[in-house]
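Since the structure comes first, as structure tokens, the remarks are kept for the end.
The values are calculated or read from the model by the stated rules, or taken from the named source; none is laboratory data. From a predicted model like this one, the values you see are computed outputs, not experimental measurements. Glycine gets a Cβ as well: all are built from the backbone with ideal geometry, and neighbour counts include every protein chain shown.
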Amino acid sequence: MSDALSRMTSIFGLNSWVVAGIIVGVAIVLLLFFLSLCLTSRRVPSPPKPVPAALPLTAAVISIPQVPKDIPEIVKHHHPEPEAVDCDEGSLVGRYNCVYVEIGGKEHNQISCPGRGGFGGASLNSQDIGGVAGGGYGGDQAGVPEVSHLGWGHWYTLRELERCTGGFDNRNVIGEGGYGIVYYGVLDDGSQIAVKNLLNNRGQAEREFKVEVEAIGRVRHKNLVRLLGYGAEGAHRMLVYEYVNNCNLEQWLHGDVGPRSPLTWEIRMKIILGTAKGLTYLHEGLEPKVVHRDIKSSNILLDKQWNPKVSDFGLAKLLGSDNSYVTTRVMGTFGYVAPEYASTGMLNERSDIYSFGILIMEIISGRNPVDYSRAPEEVNLVDWLKKMVTDKNSEGVLDPKLPEKPNMRALKRVLLVALKCVDPTAQKRPKMGHIVHMLEAEESSFKEDRKTSRETAQPPIGIRQSGSMENTTPAASGNDNAREAIEQIHTPEN
């Protein structure tokens with residue numbers, strides 16, 4: 001036995017007993033390894049931590065931008081949450097496009113909206129518009145996700161957003177822009193959302209992510225699209241908004257809605273006034289104030305009751321009370337940019353006011369701010385409208401698809417507001433709060449006129465009254481013939 005164990009083997013010239021020892025040792029190690037695997041697999045998993053398991057705590061997450069400290073923190077209560085913040089309608093201090101539309105030749109002008117309660121898209125022709133116009137969602141805040149442990153909003157994981165958008169399916173695209181793609185999604189609780197997946201073009205995603213979170217992360221107003229939360233994983237930057245389900249203003253003004261637009265004069269005034277209130281809150285109800293920098297019809301979303309909501313704050317700038325302006329690279333949309341900002345890069349809230357004046361003209365006339373398909377003298381909306389008013393043809397500026405014409409006093413007062421907003425001298429433009437007062441006075445006057453016309457079955461006679469425009473608006477510029485032509489209408493005779 002001893003001789004057998006001491007015999008040399010062919011394995012590296014080792015003795016037989018050495019080889020046997022090695023084999024036994026390897027067998028023991030393998031046995032222990034399999035035993036440890038069995039024990040590990042039978043352990044009960046520990047309860048999950050508050051941090052979402054699918055969101056690794058990487059440097060990208062740690063670099064989430066800080067929200068300004070002067071905006072109060074939202075606290076989540078266990079009782080049903082009301083509509084976020086009720087901004088007093090009388091107080092002036094107090095985050096897609098729902099649809100993607102291709103505006104080209106007449107054969108391409110169509111409105112497309114995502115299907116209700118589903119992921120697919122649908123095209124609306126003129127026969128379908130009536131169904132979109134009535135009843136529905138209306139900006140309801142029910143089903144808003146719970147506030148995350150970060151203190152405000154909800155921190156969504158990439159997995160959650162992929163699931164609710166069908167893996168960012170192209171069929172769920174409801175908006176596209178230079179900085180991102182917007183998808184329609186439905187959360188597990190049935191809440192409808194809009195997810196903006198920012199495109200990381202040379203760091204633009206990070207910049208826009210930071211701007212929107214800082215600018216409107218905690219802002220709540222019924223005329224501003226609400227930013228519900230965000231997602232940040234690796235290179236992905238995503239913003240989650242409330243879903244506004246009645247398209248945007250551009251589609252209703254310039255899309256194929258048939259010979260008669262569903263936008264009556266009363267609805268158009270409602271959109272103008274609501275947009276003005278949203279901008280007033282940004283300019284006068286926040287510190288630092290928020291300059292939107294891209295006010296245009298495609299950024300005004302509408303709910304089923306035609307309430308407007310200002311959206312897309314990706315170009316917004318914060319302006320402190322100690323700064324009258326900020327110098328920045330000129331950004332915005334051609335036709336809406338204020339001339340002094342375009343030429344100097346000096347930005348303040350009056351740049352938004354100019355854009356708002358262009359928006360009023362667009363709503364009244366149904367024309368694009370710049371339209372090269374028209375005659376040379378009608379390409380520029382502002383110049384054409386001023387000429388029409390100077391020639392005392394105010395009625396000629398109305399959208400031909402308008403179902404019914406307003407009385408001349410209501411039209412001219414709104415035109416005066418628009419012309420004041422686009423005054424070439426920025427300092428002469430009224431503030432948004434003042435604009436709201438003028439528009440509210442006009443809305444009240446319009447309702448009284450409708451009531452009177454029903455009772456008397458006659459159009460209103462005369463347009464001069466003690467509450468004339470001179471008593472509620474800044475002095476008119478003597479250089480603007482169009483404004484003089486309108487203001488003469490409101491000047492009482494001696």
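Of L315, L347, all but one fail to be closer than 22 Å to V195 by Cα and touching a Lys or Arg at 6+ places or on another chain (Cβ under 9 Å); the exception is L315.
Any residue that is surrounded by 22 or more Cβ atoms within 10 Å (Cβ to Cβ) and farther than 16 Å from S355 by Cα - is there at least one of those in the stretch 322-330? Before the answer, list the steps.
Looking only at the stretch 322-330, we keep the residues that are surrounded by 22 or more Cβ atoms within 10 Å (Cβ to Cβ), and these are none.
No - not one qualifying residue is present in the stretch 322-330.
Remark: K277 matches the filter, which requires a residue to be buried (at least 24 other Cβ atoms within 10 Å of the Cβ), touching a Cys at 6+ places or on another chain (Cβ under 9 Å) and not polar (S, T, N, Q).
Tell me the residue from G190, G217 that is surrounded by fewer than 24 Cβ atoms within 10 Å (Cβ to Cβ) and more than 27 Å from Y336 (Cβ to Cβ), please. Steps first, answer last, please.
Values: G217 fails: more than 27 Å from Y336 (Cβ to Cβ).
Unique residue meeting the criteria: G190.
I'd like the full set of residues that are among the basic types (K, R) and either at pLDDT below 85 or touching a His at 6+ places or on another chain (Cβ under 9 Å) (or both), limited to the stretch 187-227. Across the stretch 187-227, the qualifying residues are R202, R207, K210, R218. The one condition from (1) of a type outside the set (S, T, Y); (2) out of contact with any strand residue (DSSP E or B) (no Cβ under 8 Å at 6 or more places or on another chain); (3) more than 23 Å from V337 (Cβ to Cβ) that G255 does not meet is (2).
Mind listing just one residue for me: the one in the stretch 404-423 that is assigned to a loop (DSSP other than H, G, I, E, B) and at pLDDT below 95 and, of those, farthest from the chain's Cα centre (by Cα)? Spell out how you get there, then give the answer.
Step one: list which residues in the stretch 404-423 are assigned to a loop (DSSP other than H, G, I, E, B), which gives 404-407, 422-423.
With the extra rule that they be at pLDDT below 95, the set shrinks to 404-407.
Numbers: E404: 30, K405: 30, P406: 30, N407: 33 Å.
Ranking the qualifying residues of the stretch 404-423, first place goes to N407.
Here S351 qualifies as farther than 19 Å from T264 by Cα and modelled with pLDDT of 95 or more. Listed by position, the strands (runs of 3 or more DSSP E) enclosed by the stretch 268-342 that each have at least 2 residues that are farther than 23 Å from V414 by Cα and either outside the structural domain of G180 (by TED's automatic domain parsing) or not aromatic (F, W, Y) (or both) are 289-291, 317-319. Do the conditions hold for R220, that is, is it farther than 28 Å from P403 by Cα, of a type in the set (D, E, K, R) and not in a strand (DSSP E or B)? Taking the combined requirement at face value, the residue satisfies it.
Scanning the stretch 410-444 for residues that are among the charged types (D, E, K, R) and either outside the structural domain of I295 (by TED's automatic domain parsing) or buried (at least 20 other Cβ atoms within 10 Å of the Cβ) (or both) yields K412, R413, K420, D423, R429, E442.
Residue pairs whose Cβ atoms lie under 6 Å apart, separated by 6 or more positions or on different chains, with the first residue in the stretch 254-265 and surrounded by fewer than 19 Cβ atoms within 10 Å (Cβ to Cβ) and the second among the hydrophobic types (A, V, I, L, M, F, W, C), are P262/I129; P262/A133. Scanning the stretch 171-196 for residues that are assigned to a helix (DSSP H, G or I) and under 25 Å from T333 (Cβ atoms) turns up nothing. Checked against the criterion of being within 23 Å of K296 (Cβ to Cβ) and of a type in the set (G, A, S), the candidates G433, G396 yield just one match: G433.
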